[in-house]
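Participant: What follows is a structure written as structure tokens; I'll ask about it next.
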Amino acid sequence: MLRRVRDRIDREYAQPLDVEALARGAHMSAGHLSREFRKAYGESPYGYVMTRRIERAMALLRRGDLSVTDVCFAVGCQSLGTFSTRFTELVGMPPSTYRREAAESVAGIPSCVAKQVTRPVRNREAPAVEPQLA
């Protein structure tokens, strides 16, 4: 049952998904689904949805033809602020900075390899960058 929930998230990440709807589809309560999902996959269903959205957003930002706002809504996020905050937590930089730097960092790398190299960190936040003192 949990694999079906995860597969649904993978397929429908850009749709409005919440834990209640996912739980109804799995014939479970929201609390039970959250506990079991975390036990099986190491993160909450909401966290998994956001990770999927951020992974897709990274691919769209690497293309460079969409604005950050367009990418935010294309991956199913309703709030630019929440999207930017979660993106920064997982990737370690704001989406606008990632968009600017991504084109340079993956130039000449096949997209299938770039996807693996740039995959966001799961289950923990991106390491904090220490300020450089000059």
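The values are calculated or read from the model by the stated rules, or taken from the named source; none is laboratory data. This structure is a prediction, so every number in the text was calculated from the model and none was measured. For neighbour counting, all protein chains shown are included, and Cβ atoms are generated from backbone atoms with ideal geometry for every residue, glycine included. These area figures cover heavy atoms from the full protein model, side chains too; ligands, DNA and RNA do not enter into them. Shrake-Rupley method; radii C 1.70, N 1.55, O 1.52, S 1.80 Å.
Participant: Can you pull the one-decimal nm distance between simple spin-label points at E43 and T82, each 7 Å off the Cα toward Cβ?
Facilitator: Rounded to a tenth, the inter-label distance reads 1.6 nm.
Participant: Follow-up question, since we're still on this one. Of G42, F87, V19, which is farthest along the charge dipole of the stretch 1-103 in the positive direction, counting Lys and Arg as +1 and Asp and Glu as -1 at C-beta?
Facilitator: Working it through, the farthest residue towards the positive pole turns out to be G42.
Participant: So how many Å³ per residue does the convex hull of the Cα atoms of the stretch 1-86 work out to?
Facilitator: Each residue corresponds to 87 Å³ of Cα convex hull volume.
Participant: Here's something else I'd like to know. For the stretch 16-69, what does the accessible surface come to per residue with a 1.4 Å probe? Please give it in Å².
Facilitator: About 48 Å² of surface per residue is accessible.
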